[in-house]
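First up is the structure itself, then whatever we jot down about it.
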Amino acid sequence: MQLESSPFTQSLPRADLERVRAAMEAQGLDAVLPFSVENVRYLTGHAPANPKLKGIFCALFCADPSLPPAFVVGQFEEHWARIRSRFDDVRTVQLWVEMDDLHDLETNRTTVVEKPVQFSREQTLAILRDLLDDRGLRGRRIGLERAMIPSALLAALEGEFTDIEFVDATHLFEDLRAIKTPGEVEALRRATQLAELGVRRIFLDADPRGKTVSQLRLEYQLAIMDAVRNDPATEGLEDMRVYISTGGGVGPIVSRNEIPVREGDVIWIDCGVQIDGLASDIGYTFSAGEPGPQTLRVADALAEGSQAGFELLRPGTSMGEVFRACEGTIRKHGLPTYTRGHHGHAVGIGIGEQAPYVTDGEERPLLPGMVMAFERPYYVRGLGGFQMEDNYVVTDDGIEIFNTLPTRLHTI
């Protein structure tokens with residue numbers, strides 16, 4: 001059956017496959033075989049319906065352009081996998097789901113097909129065996145993410161294909177995904193500004209005093225949904241994340257939280273929105289009323305660190321240099337023992353932090369096309385959480401900050 005791509009599918013952000021091939025050739029890889037949701041989506045444009053089913057969702061991409069890519073998915077999502085990946089070779093693993101074609105149903109030609117309880121890894125292995133043989137990859141070097149493959153499947157692969165050298169390609173994918181295409185940059189810009197809209201709605205357009213953390217979290221989510229419903233420019237929303245704390249209780253909590261915002265509280269929010277697979281990660285700090293002396297002490301120190309870091313955010317600066325400048329400045333301006341593991345990270349496919357990290361041991365430079373988060377958090381039990389987190393893209397001569405609301409202490 002011929003499947004047509006819709007205009008929406010054609011507009012989805014996609015990886016630069018020629019750049020992927022160049023990176024593979026530079027590392028002497030004949031193919032890559034990713035299993036992680038993020039890296040398979042990066043190559044194919046399609047995300048699995050059930051990412052918890054580890055070991056059936058993977059893609060094969062060859063350095064030789066004459067060898068076509070292939071996609072392995074559960075049969076329940078074959079239709080959309082073909083459309084979104086535009087791969088001709090999509091092979092399916094039988095799941096527990098019962099499916100038939102309309103023509104067979106109308107003509108009473110349906111047949112009994114035995115189903116597993118969930119899926120069979122042996123079938124996945126058999127499909128991979130056929131794929132690797134079809135592409136002539138015996139005796140070649142194939143990159144995969146060792147930590148992302150179920151140990152039983154990895155052992156089976158290495159036991160079956162003793163003549164193939166399986167190489168860990170985790171860092172290859174990190175480096176590839178760190179540089180975004182223009183479509184990815186635009187999706188992340190929209191995701192940042194949509195996440196920020198929710199922050200404005202609950203803290204600047206309304207008074208949060210008296211509302212519980214659970215109420216504020218719900219109002220944030222409703223603000224995002226309302227914006228998506230009324231603005232076609234925000235289509236593509238897939239997911240959102242919001243953590244809020246108020247007063248002396250710090251740290252994220254996603255279960256019910258009936259603590260209300262009171263006068264004098266420090267309010268912390270860390271949030272993100274995922275559009276077309278790409279997710280923002282921003283954060284702000286608010287004071288309900290005039291801030292006290294310790295609140296100002298912390299906020300002023302973090303603001304100084306922010307300025308020191310922003311002055312270095314440009315192409316060619318090492319991430320370690322940004323980290324040391326930010327942390328050293330915060331220590332000099334009132335928080336002498338302040339210590340973080342990192343002051344930022346890449347943002348991209350999927351909600352959450354991802355490599356590379358802005359940390360002391362990372363001397364790789366910032367490069368044009370990288371979309372990063374720059375963050376300066378501090379959590380003080382008994383006072384509150386503080387967060388200043390911006391998303392930005394590195395340009396040819398500097399950066400473009402996606403946030404339009406300044407990441408400083410805001411007084412409500």
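The figures follow:
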{"read-out": "Any hit, region 381-396, residues being in contact (Cβ under 8 Å) with a residue 60 or more places away in the chain, of a type in the set (Gly, Ala, Ser) and touching a Lys or Arg at 6+ places or on another chain (Cβ under 9 Å)", "value": "no"}
{"read-out": "Positions within region 98-112 being closer than 28 Å to LEU128 by Cα, at pLDDT 90 or above and of a type in the set (A, V, I, L, M, F, W, C), in sequence order", "value": "VAL112"}
{"read-out": "The listed residue being acidic (Asp, Glu), surrounded by 20 or more Cβ atoms within 10 Å (Cβ to Cβ) and not in a loop (DSSP other than H, G, I, E, B), out of GLU304, GLU327", "value": "GLU327"}
{"read-out": "Complete set of residues in region 364-403 that are under 30 Å from PRO260 (Cα atoms) and more than 21 Å from the chain's Cα centre (by Cα)", "value": "TYR378, TYR379, VAL380, ARG381, GLY382, LEU383, GLY384, GLY385, PHE386"}
{"read-out": "Options ALA178, ALA187; residue that is crowded, with 19+ Cβ neighbours inside 10 Å, of a type in the set (A, V, I, L, M, F, W, C) and modelled with pLDDT of 95 or more", "value": "ALA178"}
{"read-out": "Selection within region 250-267 - surrounded by fewer than 18 Cβ atoms within 10 Å (Cβ to Cβ) and either without any contact (Cβ under 8 Å) to a residue 60 or more places away in the chain or farther than 17 Å from PHE386 by Cβ (or both)", "value": "PRO252, ILE253, VAL254, SER255, ARG256, ASN257, GLU258, ILE259, PRO260, ARG262, GLU263, GLY264"}
{"read-out": "Conditions (1) surrounded by fewer than 16 Cβ atoms within 10 Å (Cβ to Cβ); (2) in a loop (DSSP other than H, G, I, E, B); (3) more than 20 Å from the chain's Cα centre (by Cα); (4) at pLDDT 95 or above: number failed by GLY361", "value": "(4)"}
{"read-out": "Where GLY309 falls short, out of the listed (1) touching a Cys at 6+ places or on another chain (Cβ under 9 Å); (2) at pLDDT below 95", "value": "(2)"}
{"read-out": "Filter pass, ARG314 being basic (Lys, Arg), more than 21 Å from the chain's Cα centre (by Cα) and either under 20 Å from ASP175 (Cβ atoms) or buried (at least 17 other Cβ atoms within 10 Å of the Cβ) (or both)", "value": "yes"}
{"read-out": "Answer from ARG129, ARG138 - the residue that is on the phi < 0 side of the Ramachandran plot, in contact (Cβ under 8 Å) with a residue 12 or more places away in the chain and in a helix (DSSP H, G or I)", "value": "ARG129"}
{"read-out": "Selection within region 397-412 - assigned to a loop (DSSP other than H, G, I, E, B) and either touching a Lys or Arg at 6+ places or on another chain (Cβ under 9 Å) or touching a residue at least 12 places away in the same chain (Cβ under 8 Å) (or both)", "value": "ASP397, GLY398, PHE402, ASN403, THR404, LEU405, THR407, ARG408, ILE412"}
{"read-out": "Qualifying residue in region 274-294 (condition: part of a helix (DSSP H, G or I), over 23 Å from the mean Cα position of the chain (by Cα) and surrounded by fewer than 19 Cβ atoms within 10 Å (Cβ to Cβ))", "value": "yes"}
{"read-out": "Residue in region 1-36 that is modelled with the lowest pLDDT, counting only those that are touching a strand residue (DSSP E or B) at 6+ places or on another chain (Cβ under 8 Å) and either part of a loop (DSSP other than H, G, I, E, B) or over 17 Å from PRO68 (Cα atoms) (or both)", "value": "PRO13"}
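Let's see how each residue does on (1) touching a Pro at 6+ places or on another chain (Cβ under 7 Å); (2) assigned to a helix (DSSP H, G or I); (3) of a type outside the set (Asp, Glu); (4) modelled with pLDDT under 90:
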site	(1), (2), (3), (4)
ASN50	no, no, yes, yes
PRO65	no, no, yes, no
PHE71	no, no, yes, no
GLU78	no, yes, no, no
PHE87	yes, no, yes, no
THR92	no, no, yes, no
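The values are calculated or read from the model by the stated rules, or taken from the named source; none is laboratory data. Small disclaimer: the values here were computed from a predicted structure and weren't measured. FYI the Cβ positions are ideal-geometry reconstructions off the backbone, even for glycines, and counts take in every protein chain you see.
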